[in-house]
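We did not get these values from a lab; they are worked out from the coordinates using the rules stated. Since we're looking at a predicted model, the values are computed, not measured. Cβ sites come from the backbone with ideal geometry, for glycine too, and all protein chains shown count toward neighbours.
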């Protein structure tokens with residue numbers, strides 16, 4: 001986040017002058033004033049649950065009685081979302097790493113759907129002293145993000161093998177949030193060809209394949225271990241196609257395939273928030289028990305030192321204008337763009353809204 005005394009015409013709303021022209025990579029140094037840690041948000045008590053869910057579903061006309069069907073997930077945990085404590089811990093870890101590197105950048109935390117609220121768009125990029133915002137690039141294949149997942153897969157599979165489960169009887173399920181198929185197909189720049197599920201599914205598959213190849217290289221006994229990309233937490237009308245297969249449906253079919261043990265990897269999630277604790281630790285683990293197979297849910301990055309250091313590395317890329325050719329990435333899809341490309345991630349229902357990190361179509 002920076003401030004500038006000279007408003008500029010921008011192809012990228014609210015961007016710093018270095019990113020305002022819309023080039024995919026910013027390869028010149030940018031001086032920032034602060035870091036904003038942005039999150040979805042969550043309730044802090046039972047009285048917050050329904051108001052929070054109203055914020056999440058604003059404009060959809062969903063009555064409170066239907067919201068209560070989701071509210072019981074939060075009520076199970078006393079109405080407190082775990083994401084808030086996780087954000088506080090991540091903020092503290094980032095501050096410690098920033099201080100260790102001698103970077104003079106305060107860290108602010110803001111949510112989209114609950115207090116503390118992230119900076120509002122009103123007033124950004126206007127006036128005599130405008131606030132501009134750039135984002136770090138997507139880090140789906142950055143080593144700091146991938147390392148915690150790899151360690152979890154390695155330890156889970158090695159544990160199964162040590163207990164006498166054959167590698168062919170072990171399955172790794174990489175789970176991410178399901179989204180409407182139409183939205184998934186619109187993800188990713190239009191100047192690249194994407195398979196079904198768009199860039200959203202392609203990024204997950206690429207990282208999962210990298211993890212499993214590394215596992216085979218480092219733990220030869222695990223070379224025959226199979227894997228799948230699965231989806232969770234779908235919502236919306238049954239008539240609307242969403243990405244499949246569902247993690248619970250896949251687990252139910254594993255015994256017929258001779259699978260005795262499964263590692264469930266929350267690849268699409270940064271921390272152990274509600275959709276990890278409820279949908280995986282509760283529902284998916286129950287599905288495994290019902291199917292008579294062993295199951296382990298591996299860790300999310302959370303405050304893993306590699307992840308925290310990786311996030312600060314991404315900030316330093318923008319501070320120093322690191323050339324794209326020198327940016328670390330673990331798949332052929334990376335490094336991803338600093339500035340989202342025109343047409344990327346169109347919402348079929350809402351169209352494009354002004355964004356602080358992408359080129360307007």
In degrees rounded to 10, the 0-90 angle between helix 305-320 Cα long axis and the longest Cα principal axis of the chain is 30
Quarter of the surface of the C-alpha convex hull for the range 1-105, i.e. direction-averaged projected area in nm², equals 10.1
Relative to the chain, whose Cα atoms define the longest principal axis, helix 198-218 and its Cα axis are tilted in degrees, nearest 10, by 60
The residues 118, 26, 153, sorted from fewest to most surrounding Cβ atoms within 10 Å, come out as 118, 26, 153
What the Cα atoms of the range 143-297 span along the principal axes, largest first and in whole Å, is 46, 33, 28
Cα-based Rg/(2.2 N^0.38 Å) for the range 217-340, rounded to two decimals, is 1.33
Largest fluctuation, 96, 167, 208 only, Gaussian network model of the chain with Cα springs under 10 angstrom, belongs to 96
Going from the fewest other Cβ atoms within 10 Å to the most, one would list 76, 210 as 76, 210
Rounded to two decimals, the Rg over Rh value of the chain from Cα coordinates and the Kirkwood Rh reads 0.97
Most exposed to least, judged by fewest other Cβ atoms within 10 Å, 307, 269 sort to 269, 307
Per residue, the convex hull enclosing the Cα atoms of the range 63-219 spans a volume in Å³ of 247
With 0.36 nm assigned to each residue of separation and the Cα-Cα distance removed, residue 85 to residue 290 gains 70.6 nm
Output for the range 175-261 (equivalent-ellipsoid semi-axes, sqrt of 5λ from the C-alpha gyration tensor, Å, descending) is 26, 20, 8
